[in-house]
Amino acid sequence: MSSGSRKARIVLAYSGGLDTTTAIPWLKEKFNAEVVTVTADMGQGGDLEGVRKRALAVGAAKALVVDGREMFVREFVWPAFQAGALYEGEYPLATALSRPLIARSLAEAAISEGAFAVAHGCTGKGNDQVRIEVGIMALAPEVKVIAPAREWGMSRDEEVEFLRARNLPALAKKTSQFSVDENIWGRSIEAGPLENPWSEPPEEVYAWTASVAKAPAEPLYMEIDFECGIPVSVNGEKRSPLALVEHLNMVAGKHGVGRIDHLENRLVGIKSREIYEAPAAVLLHKARRALETITLAKEQVRFKDYVAQQYADLVYNGLWFTPHREDLDAYVQSVERSVTGSVRMRLHKGNATVVGRKSPNALYSYELATYDKQDQFDHRASEGFIKVFGLPSKTQNRVQRSQPAAKKGRGKR
Ligand code: ARG
């Protein structure tokens, strides 16, 4: 670098919380560098202008806020949703899906700001450190990664002390015993009393969903239209991806839909008890799956289940920026091309139930399914079908079964 004219720079992923706030002066001192913060808005709510100002107040040289909301839904949430990605069959991956967007924002800012390093506030025990760092390794391998909270070994009180000692504004004392991460696709809550997997989560962990007791007594019926596996309208009203998810979070949350209590396997080998709230995600996954049952062949549904699991593991494990994900996307886009149609859902007291499905591509045929006189299924064709279908079983049993089934039980003892 030319004769000390410009200080070295670090780009920090900044949430506005105590850890990343403390990281600003810590990084400046330790690396004799300027800190540029990046905060990605993914619909987590809260006052992001306030977050930006706080970064500057504790000494950031520059504080950037990226509006990533629409991008988050279109580029990250929808592909994973179409794939049917639910980690361990439960978790719609709200936190996990936001990390590649953060990693990409950091990589882009590092390049445009000429930074030698990026930094994040993740601890050494979680999945998020892996997701962000693996993302940086893929997108900007020449950029160094610093994880202050993994290195400094300070408690929360010590962090407050660290800021106070420098006459920097410390945050008000932590009020919640929970650790919460949130974006438009869901809330993830951990720590405090949740760490006892035997105890029921206290009502206060929930912010988006009503309890069964408080949910309306009357069910709500709703119709969701999909195009190629993506929801496009609710009750006939077209909405942008972001507006649609926001709307469903509100409506389904009111009916208590979307609470998940999951004891999951972290990538770093720890089992962890997580509470998730994801009203739109839970509702939409159920609805899309219902539409798949009527539009896809049996083999497509079976194979897609396997892809869904692969996709969920890949997202959870921070492998978004990989050719494998692109390959899975190609399959998913292909299979979802016929998943167009409508699903009718009933929301009631914490449950989202599929009550109807229809599609111009429906493989369901009334004439084949009915027991009425419109029946067009050729019953007599079944006779020959069964003869051939049962042939391997018949053959193997004749040759290898030691006793005929009919005699079993009477023999031996
Ligand atoms: N266990 C989830 C994941 O790894 C959520 C973590 C959320 N973090 C939090 N501080 N609540 O994706």
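The values are calculated or read from the model by the stated rules, or taken from the named source; none is laboratory data. All figures in this text were calculated on a predicted structure; none of them were measured in a lab. As a convention, Cβ positions derive from the backbone with ideal geometry for all residues, glycine included, and neighbour counts pool all protein chains shown. Quick note on the areas: whole protein, heavy atoms, side chains included, nothing else; ligands and nucleic acids left out. Shrake-Rupley method; radii C 1.70, N 1.55, O 1.52, S 1.80 Å.
Please find, among HIS285, HIS255, HIS262, the residue that is touching a Lys or Arg at 6+ places or on another chain (Cβ under 8 Å), more than 16 Å from the ligand (Cβ to nearest atom) and under 25 Å from SER211 (Cα atoms).
On the way: HIS285 fails: touching a Lys or Arg at 6+ places or on another chain (Cβ under 8 Å); HIS262 fails: more than 16 Å from the ligand (Cβ to nearest atom).
Testing whether each residue is touching a Lys or Arg at 6+ places or on another chain (Cβ under 8 Å), more than 16 Å from the ligand (Cβ to nearest atom) and under 25 Å from SER211 (Cα atoms) leaves just HIS255.
For residues in the range 303-327 being of a type in the set (Phe, Trp, Tyr) and part of a loop (DSSP other than H, G, I, E, B), which is least open to solvent (accessible area, probe 1.4 Å)? First the steps, then the outcome.
Residues of the range 303-327 that are of a type in the set (Phe, Trp, Tyr), as a first pass: 303, 306, 311, 316, 320-321.
Then keep just the ones that are part of a loop (DSSP other than H, G, I, E, B); that gives 320-321.
Values: TRP320: 12, PHE321: 51 Å².
It comes out as TRP320.
Filter the range 141-158 down to the residues that are open to solvent by less than 40 Å² (accessible area, probe 1.4 Å) and assigned to a strand (DSSP E or B) and list them by number.
The one that is open to solvent by less than 40 Å² (accessible area, probe 1.4 Å) and assigned to a strand (DSSP E or B): ILE146.
In this structure, is TRP26 farther than 20 Å from GLY186 by Cα, in a helix (DSSP H, G or I) and out of contact with any Cys (no Cβ under 7 Å at 6 or more places or on another chain)?
yes
Consider only pairs whose beta carbons are under 9 Å apart and that are at least six residues apart or on different chains; among these, list those whose first residue lies in the range 221-233 and is in contact (Cβ under 8 Å) with a residue 60 or more places away in the chain and whose second residue is part of a strand (DSSP E or B) and open to solvent by 40 Å² or more (accessible area, probe 1.4 Å).
TYR221/ARG344; TYR221/ARG346; TYR221/VAL355; MET222/ARG344; MET222/ARG346; GLU223/ARG344; ILE224/ARG344; ASP225/LYS238
How many residues are touching a helix residue (DSSP H, G or I) at 6+ places or on another chain (Cβ under 8 Å) and either open to solvent by less than 20 Å² (accessible area, probe 1.4 Å) or within 19 Å of VAL73 (Cα to Cα) (or both) if we restrict to the range 111-127?
6
Could you please find all residues in the range 160-182 being away from the ligand (no atom under 16 Å from the Cβ) and either at pLDDT 95 or above or more than 11 Å from LEU18 (Cβ to Cβ) (or both)?
GLU161, PHE162, LEU163, ARG164, ALA165, ARG166, ASN167, LEU168, PRO169
Please tell me if PRO148 is touching a Gly at 6+ places or on another chain (Cβ under 9 Å) and closer than 27 Å to ILE111 by Cβ.
For PRO148, the condition - touching a Gly at 6+ places or on another chain (Cβ under 9 Å) and closer than 27 Å to ILE111 by Cβ - is met.
Does any residue of the range 168-179 turn out to be crowded, with 18+ Cβ neighbours inside 10 Å, among the hydroxyl-bearing types (Ser, Thr, Tyr) and in contact with a strand residue (DSSP E or B) (Cβ under 8 Å, 6 or more places away or on another chain)?
So far as the range 168-179 goes, no, none of its residues is crowded, with 18+ Cβ neighbours inside 10 Å, among the hydroxyl-bearing types (Ser, Thr, Tyr) and in contact with a strand residue (DSSP E or B) (Cβ under 8 Å, 6 or more places away or on another chain).
Output the residues belonging to the range 289-302 that are in a helix (DSSP H, G or I), buried (at least 19 other Cβ atoms within 10 Å of the Cβ) and aliphatic (A, V, I, L, M).
Scanning the range 289-302 gives ALA290, LEU291.
With respect to ALA297, is the statement that it is over 25 Å from MET137 (Cβ atoms), away from the ligand (no atom under 16 Å from the Cβ) and under 17 Å from the mean Cα position of the chain (by Cα) true? Give the steps one after another, and end with the answer.
Details: over 25 Å from MET137 (Cβ atoms): yes; away from the ligand (no atom under 16 Å from the Cβ): yes; under 17 Å from the mean Cα position of the chain (by Cα): no.
Taking the combined requirement at face value, the residue does not satisfy it.
Condition test on GLU223, is it within 18 Å of THR340 (Cβ to Cβ), of a type in the set (Asp, Glu), touching a strand residue (DSSP E or B) at 6+ places or on another chain (Cβ under 8 Å) and at pLDDT 95 or above?
Working: within 18 Å of THR340 (Cβ to Cβ): yes; of a type in the set (Asp, Glu): yes; touching a strand residue (DSSP E or B) at 6+ places or on another chain (Cβ under 8 Å): yes; at pLDDT 95 or above: yes.
Answer is yes for this residue.
Can you go through ALA96, ALA103, ALA107 and tell me which one is in a helix (DSSP H, G or I) and within 12 Å of the ligand (Cβ to nearest atom)?
That would be ALA96, the only listed residue that is in a helix (DSSP H, G or I) and within 12 Å of the ligand (Cβ to nearest atom).
Kindly indicate the residue of the range 183-205 that is open to solvent by 40 Å² or more (accessible area, probe 1.4 Å) and within 16 Å of the ligand (Cβ to nearest atom) and also farthest from ILE270 (Cα to Cα) among those meeting that condition.
My answer is GLU204.
Which residues, taken from the range 243-264, are more than 19 Å from ASN351 (Cα to Cα) and either open to solvent by 20 Å² or more (accessible area, probe 1.4 Å) or over 15 Å from the mean Cα position of the chain (by Cα) (or both)?
ALA243, LEU244, LEU263
Which of the residues that make up the range 50-93 are within 13 Å of the ligand (Cβ to nearest atom) and in contact with a Lys or Arg (Cβ under 7 Å, 6 or more places away or on another chain)?
If the condition is that a residue be within 13 Å of the ligand (Cβ to nearest atom) and in contact with a Lys or Arg (Cβ under 7 Å, 6 or more places away or on another chain), then no residue fits.
Within 16 Å of the ligand (Cβ to nearest atom), in contact (Cβ under 8 Å) with a residue 60 or more places away in the chain and under 30 Å from VAL301 (Cβ atoms) - does that describe any residue in the range 114-125?
For the range 114-125, residues within 16 Å of the ligand (Cβ to nearest atom), in contact (Cβ under 8 Å) with a residue 60 or more places away in the chain and under 30 Å from VAL301 (Cβ atoms): absent.
Which residue pairs have Cβ atoms under 6 Å apart, sit 6 or more places apart or on different chains, and have a first residue in the range 69-91 that is farther than 13 Å from ALA281 by Cα and touching a residue at least 40 places away in the same chain (Cβ under 8 Å) and a second that is surrounded by fewer than 22 Cβ atoms within 10 Å (Cβ to Cβ) and aromatic (Phe, Trp, Tyr)?
Partner pairs satisfying both residue conditions: none exist.
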